[in-house]
1. Please go through the stretch 32-58 and pick out each residue that is crowded, with 17+ Cβ neighbours inside 10 Å, assigned to a loop (DSSP other than H, G, I, E, B) and among the aliphatic types (A, V, I, L, M).
2. For the stretch 137-148, name all the residues that are over 14 Å from VAL164 (Cβ atoms), in contact (Cβ under 8 Å) with a residue 24 or more places away in the chain and not charged (D, E, K, R).
3. Considering only residues that are of a type outside the set (S, T, N, Q) and within 14 Å of the chain's Cα centre (by Cα), look in the stretch 261-285 and name the one that is surrounded by the most Cβ atoms within 10 Å (Cβ to Cβ).
4. Run down VAL153, VAL160 and say which single residue is without any contact (Cβ under 8 Å) to a residue 60 or more places away in the chain, under 22 Å from GLN203 (Cβ atoms) and crowded, with 18+ Cβ neighbours inside 10 Å.
5. Is there a residue being of a type outside the set (Phe, Trp, Tyr), surrounded by 20 or more Cβ atoms within 10 Å (Cβ to Cβ) and under 18 Å from the mean Cα position of the chain (by Cα) anywhere in the stretch 188-197?
6. Is there a residue in the stretch 113-125 that is within 20 Å of ASN218 (Cα to Cα) and not β-branched (Val, Ile, Thr)?
7. Checking ALA132 against (1) touching a strand residue (DSSP E or B) at 6+ places or on another chain (Cβ under 6 Å); (2) at pLDDT 95 or above; (3) not β-branched (Val, Ile, Thr): exactly one of these is not met. Which one?
8. Quick test of your reading of the structure: GLU25 fulfils all but one of (1) in contact with a Gly (Cβ under 6 Å, 6 or more places away or on another chain); (2) not in a loop (DSSP other than H, G, I, E, B). Name the failing condition by number.
Amino acid sequence: MKLAFKLQDIVGILAEGTIEGGTDEPITNIAALSKAQPGDLAFLGNRKYTPEVKDCRASVILLFDDYEGVPKPGQAFIRLENPSLGLARICGAIEALLWPQAEPGIHPSAVIDPAASVDPSAWVGPHCVVSAGAKIGPRTSLESGVHIGREVVLGEQCRVAPRVTVADFCQVGDRVRLHPGVVVGADGFGFETDKGIHKKVPQIGNVVIENDVEIGANSTIDRARFSSTRIGEGSKVDNLVQIAHNVVIGKGCLIVAQAGISGSTVLEDFVIVAGQAGVTGHLKLAQGSVIGAQAGLRSDTEAGGYYRGSPAIPASLQHRIDILNKRLPELFKRVATLERNTAG
């Protein structure tokens with residue numbers, strides 16, 4: 001599908017901003033400032049790229065309110081408080097055109113248990129399975145090959161991508177997006193060792209995903225040993241993330257790719273766990289904590305704290321240690337010289 005937006009269309013989508021200059025060129029592409037051509041839209045999302053604006057050839061550029069400069073002939077500036085957020089709104093409009101809401105109905109190849117409930121406005125795609133007692137909410141879309149277990153509840157306007165599994169008894173709120181390959185409600189990793197034999201501990205809880213959550217491709221959220229593993233409202237989980245049994249994640253948290261959170265850990269609201277970080281079990285990450293990339297967290301955090309390293313420690317201390325580590329070769333040389341002089 002080829003898309004084309006007029007300047008007036010873009011202004012309407014943004015519903016804010018100050019326009020300077022103008023263009024009759026239809027906008028058919030989004031490009032970086034340094035590569036944009038006439039007919040492209042570009043944006044200044046990071047101020048370090050400000051010098052590139054003056055040579056940018058894009059027909060429309062989204063800029064910060066305080067940018068100093070004027071557009072070229074045939075070029076329009078749209079000044080915004082947050083150009084990156086503005087671009088997100090434009091991309092949202094494009095996404096709605098590229099992947100429109102599926103027409104309601106059930107594909108002939110789908111298998112729907114007679115005891116399941118599918119709202120008439122929902123779409124169930126090819127080769128999906130909806131098990132007994134499951135409820136699929138209004139305007140929710142199940143793409144191909146989705147498996148919905150027994151007694152699962154999916155709320156309104158959810159988008160469930162191909163090959164997603166939502167296992168028995170799990171609950172998913174409204175406007176949740178599950179990307180390809182997500183598994184919600186596989187057994188937690190629970191074993192007790194008895195005389196050298198690892199015996200499985202039954203995992204009889206479920207997973208509860210609250211409203212407006214997004215789970216990235218091939219991420220896994222394990223069902224609880226008892227009670228619920230919970231993902232709080234508005235939280236976002238990246239690709240290839242492992243969330244173990246009985247983890248509780250608060251509102252507005254961000255869990256970045258390849259992070260792992262061990263069982264029974266609690267993340268309060270607005271916690272960030274960066275890429276490849278590991279969090280051991282039974283910890284409490286206080287509100288607003290940030291765990292840096294590749295960190296290994298072994299202890300509770302303080303509200304608003306930033307932690308780095310493995311084992312993770314406050315980032316300010318880790319920064320000082322990093323500086324000292326760089327000086328170690330010089331220090332060893334000095335010590336060796338002192339030892340030689342002393343021995344002589």
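1. LEU33, ALA36, LEU44, ALA58
2. Correct list: GLY137 only.
3. VAL273
4. VAL153
5. No, the stretch 188-197 has no match at all.
6. yes
7. Single failed check for ALA132: (1).
8. (2)
The values are calculated or read from the model by the stated rules, or taken from the named source; none is laboratory data. A quick note: this is a predicted structure, and the numbers were derived from the prediction, not measured. Cβ: placed from backbone, ideal geometry, glycine included. Neighbour counts: every protein chain shown.
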